[in-house]
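Working notes for the structure below.
The values are calculated or read from the model by the stated rules, or taken from the named source; none is laboratory data. Nothing here was measured: the structure is a model prediction, and the numbers come from that model. Here the Cβ positions follow ideal geometry from the backbone for every residue, glycine too, while neighbour counts run over all protein chains shown. Only protein heavy atoms, including side chains, enter the accessible area calculation; ligands, DNA and RNA are left aside. Shrake-Rupley method; radii C 1.70, N 1.55, O 1.52, S 1.80 Å.
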Amino acid sequence: MTLLAVAVRGRGIVDPEAPVLHADDEGLIRGRAAFETTRVYDGRPFKLDEHLDRLAGSAARIGLPDVDRDECLSLAAAALDEAGVPDCVLRLYWTAGREGDDEPTALALVSSIPAGLDEHRRKGIRMISLPLGLEADLRAVAPWLLGGVKSTSYAVNMAAEAEARRRGADDAVFLASGGVVLEGPVTNVWWRRERVLYTPALELGILAGVTRSTLIVAAGTCGYEVREGVFPLEHLAGSEETFTSSSIREVMPVVELDGRPLGPGVPGPAARDLQEALRDEASRDG
Ligand SMILES: Cc1ncc(COP(=O)(O)O)c(C=O)c1O
């Protein structure tokens, strides 16, 4: 991804090469910041309202100052205008600000879309499973674990992606104890048996993906039933097809799990139907 434009609370547009954080910004020194990533289609950030709702929820859970929606909207608009690229990635950051200060830092970043996504979609990706060592029901009752919060404390998620690459795969899926399927480091996970799509329930403390909720509606339109629940990895491993969902990667077929083919080992029809439905919705949204 190439950074194309940056807007900063209290400053407006800045040179993307310029430093924008104080050394004691709590977003940097303690990871006390919430963020959102959305894809911009034809100049329109997809489901921006839903992303701002989630940003506000994450900020509240981390104990950050209240998110100023209008401020975020105007930073986003300024950065998109400055970038002048119709299809791109918009990221919004809301941090605790400087140590001992109540003034949040807010940033809007516009970047190019990462290369290679469509190629991965055509071929499908390889995934490994990684245990988190948590009881499946713990995050629902342990708010300090920040389950379902999109914070910048993503070093574990990035380390999981690196571990997948180290093992010759492309992505990972986290498991709770007992092999319960949770989510990917930056995606939600889905699989299909006949006309039923399965995806882990939000009660497991996974992130409520905006793409996930879009696909739950789209699946009905495409003739699939969706079951959200608590499923062991064996249920996914025995599926006819598997895919992940996220704002940037959209619907991404998974053709291999832990070195073994999933279903026939090629991208499946539900991933294709839902990718198409997602793009249809993106062309209407806004
Ligand atoms: C942990 C995690 N789960 C799921 C997702 C997918 O969410 P969305 O569809 O809103 O992009 C993300 C997105 O970054 C994520 O970080």
Sole exception among (1) under 24 Å from G116 (Cβ atoms); (2) open to solvent by less than 10 Å² (accessible area, probe 1.4 Å); (3) away from the ligand (no atom under 15 Å from the Cβ); (4) out of contact with any Gly (no Cβ under 9 Å at 6 or more places or on another chain) for E250, by number: (3)
All positions within the range 83-113 that are under 22 Å from R61 (Cβ atoms), out of contact with any Phe, Trp or Tyr (no Cβ under 9 Å at 6 or more places or on another chain), modelled with pLDDT of 95 or more and assigned to a loop (DSSP other than H, G, I, E, B): A96, G97, E99, E103
Within the range 149-176, considering residues that are more than 14 Å from T187 (Cβ to Cβ) and of a type in the set (G, A, S), the one surrounded by the most Cβ atoms within 10 Å (Cβ to Cβ): A176
Those strands (runs of 3 or more DSSP E) lying entirely in the range 199-286 with at least 1 residues more than 30 Å from S151 (Cβ to Cβ) and free of Cβ contacts under 8 Å to residues at least 40 places away in the same chain: 225-229
Given (1) in a loop (DSSP other than H, G, I, E, B); (2) open to solvent by less than 30 Å² (accessible area, probe 1.4 Å); (3) within 16 Å of the ligand (Cβ to nearest atom), index of the condition V186 fails: (2)
Identity of the residue in the range 24-74, under 20 Å from D87 (Cβ atoms) and open to solvent by less than 10 Å² (accessible area, probe 1.4 Å), that ends up farthest from the ligand (Cβ to nearest atom): V40
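Inside the range 253-286, can you point out the residues that are open to solvent by less than 30 Å² (accessible area, probe 1.4 Å) and either of a type in the set (G, A, S) or under 18 Å from the mean Cα position of the chain (by Cα) (or both)?
Result: P253, V254, G265, G268, A270, A271, L274, Q275, A277, L278, A282.
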Residue within the range 160-183 that is of a type outside the set (K, R), within 30 Å of D49 (Cα to Cα) and assigned to a helix (DSSP H, G or I) present: yes
